[in-house]
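One structure below.
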Amino acid sequence: MRKKQLIGKKPAYFQGQLLLADDFIDEQKYHMNELARHSLNLHGWGILRGLEVTRGSDTSINVGSGFAIDARGREIPINQPEVLDLSAFAPSSLLQITLSYETEQPSKERRRIECYGVVAASTGIEESAVVLATVQLDQAGKLTAESISTTNRRHLRTVLSPGSVTASALDPSLRKGWLRLPFRPTTIPQDQAGGAPPPFRIGSTEARSHKDYNGSPNTNGAGGTMAFPLAPGVTHLHRLRIAGQENEKKLSVALFRGGWDAVNKKHLGGRDNPMSKLLDEEIARGAYDRTYEVEDGELDPECSTLSIDIRSTGYIRVSLVAVELSYWD
């Protein structure tokens with residue numbers, strides 16, 4: 001079974017055919033429409049480069065050279081900078097600076113269709129025009145340093161079909177970065193062997209040891225664990241960073257890889273599991289800002305989890321815990 005849809009028409013020629021003006025016009029229209037369809041569907045529309053709008057004087061703006069595609073897919077190159085005089089507009093006018101495509105039909109004296117790129121300032125936006133900037137005149141009809149806004153400036157962004165660029169094709173700088181978090185730990189269970197340190201006192205920007213705990217001065221520091229949220233596609237842990245302003249005695253930091261073994265249906269992890277513990281470090285007293293390399297930081301993108309365990313034997317403040325992760329390695 002087959003179904004056909006008409007997607008276009010183009011002139012057909014044969015030997016000895018009498019060609020009229022309409023035949024040549026149809027030929028031109030066919031190629032113009034094909035180019036416009038290509039531009040809109042494969043590239044989108046807007047400013048490709050240049051066309052910056054800057055203040056020229058109290059009553060004028062400068063528009064730089066550049067290239068754009070309008071909303072109908074027509075290419076508009078502006079090869080020379082232009083100056084627009086705004087003195088004719090009323091005070092406090094809100095003006096749109098636009099670029100549009102315009103043609104002038106031929107005459108007996110000029111037997112060509114002339115195509116123009118039109119840079120304009122107006123209080124409205126012409127259909128299909130590309131917005132370059134917005135200009136707000138003051139109460140005296142003048143331009144100030146804050147008059148020109150580019151928030152509604154339309155840039156051309158290439159249209160990509162779903163799946164046309166896979167994650168592995170992204171630049172490495174887009175596939176690797178730091179996940180930065182304030183330390184928000186949960187309390188270590190009291191039934192853990194050897195007992196558990198007191199919990200951290202959690203503030204809005206950092207975690208600290210309690211000065212007093214259960215009605216007595218706290219001489220046992222603090223301890224807690226926290227999980228890192230892993231975004232879809234994370235496959236590798238590279239480094240851990242931890243920083244804080246105070247560490248009265250000694251600080252221990254352990255980083256764990258956990259999760260689930262979907263094949264054998266069992267938990268992956270455990271404090272004493274050598275495959276689970278990725279880091280186990282101690283930091284001496286004083287302010288600290290340490291970054292540790294992780295040698296075996298491979299993570300399963302579907303089932304791996306990541307958590308940190310921080311314990312101190314004296315007063316401590318923790319401002320930052322961060323992990324450097326990469327995606328789709």
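The values are calculated or read from the model by the stated rules, or taken from the named source; none is laboratory data. Keep in mind it's a predicted model, so treat the numbers as computed, not measured. Neighbour counts run over all protein chains shown; Cβ positions are idealised from the backbone, glycine included.
Applying a threshold of 9 Å to beta carbon distances and a minimum spacing of six or more residues, or different chains, the list of pairs starting in region 17-35 at a residue that is more than 18 Å from Gly73 (Cα to Cα) and outside the structural domain of Ile69 (by TED's automatic domain parsing) and ending at one that is among the acidic types (Asp, Glu) and in a helix (DSSP H, G or I) reads Gln17/Asp23.
Taking Tyr101 as the residue in question, decide whether it is over 15 Å from Val63 (Cβ atoms) and among the aromatic types (Phe, Trp, Tyr). Considered against the rule, which asks whether it is over 15 Å from Val63 (Cβ atoms) and among the aromatic types (Phe, Trp, Tyr), Tyr101 comes out as yes. For Ala322, the criteria (1) part of a loop (DSSP other than H, G, I, E, B); (2) in contact with a Phe, Trp or Tyr (Cβ under 7 Å, 6 or more places away or on another chain) hold in every case but one, which is (1). Yes or no: Ala121 among the small types (Gly, Ala, Ser) and not in a loop (DSSP other than H, G, I, E, B)? Yes, satisfied.
For every residue, the table says whether it meets (1) closer than 12 Å to Arg241 by Cα; (2) in a strand (DSSP E or B).
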| position | (1), (2) |
| --- | --- |
| Met275 | no, no |
| Tyr292 | yes, yes |
| Pro301 | no, no |
| Gly314 | no, no |
| Ser326 | no, yes |
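Just one of the listed residues (Ala145, Ala167, Ala140) is exposed (fewer than 14 other Cβ atoms within 10 Å of the Cβ), closer than 30 Å to Val323 by Cβ and either in the same structural domain as Glu75 (by TED's automatic domain parsing) or within 16 Å of the chain's Cα centre (by Cα) (or both), and it is Ala167.
Checking each residue in region 63-119 for being crowded, with 19+ Cβ neighbours inside 10 Å and within 18 Å of Ser149 (Cα to Cα) picks out Val63, Leu86, Leu95, Ile97, Thr98, Leu99, Val119.
Only one of the numbered conditions (1) touching a Pro at 6+ places or on another chain (Cβ under 6 Å); (2) not in a strand (DSSP E or B) is violated by Glu127, and that is (1). Among all residues of region 302-310, there is at least one that is in contact (Cβ under 8 Å) with a residue 60 or more places away in the chain, out of contact with any His (no Cβ under 7 Å at 6 or more places or on another chain), more than 23 Å from Lys176 (Cα to Cα) and not small (Gly, Ala, Ser).
For the residues Ser209, Ser204, the requirement of being under 21 Å from Arg317 (Cβ atoms), among the polar types (S, T, N, Q) and under 34 Å from the mean Cα position of the chain (by Cα) singles out Ser204. Does Val294 satisfy the criteria of being of a type in the set (Val, Ile, Thr), closer than 16 Å to Pro197 by Cβ and buried (at least 17 other Cβ atoms within 10 Å of the Cβ)? No; evaluated as a whole, the condition is false for this residue. Checked against the criteria, Gly314 counts as more than 28 Å from Ala167 (Cβ to Cβ) and over 36 Å from the mean Cα position of the chain (by Cα).
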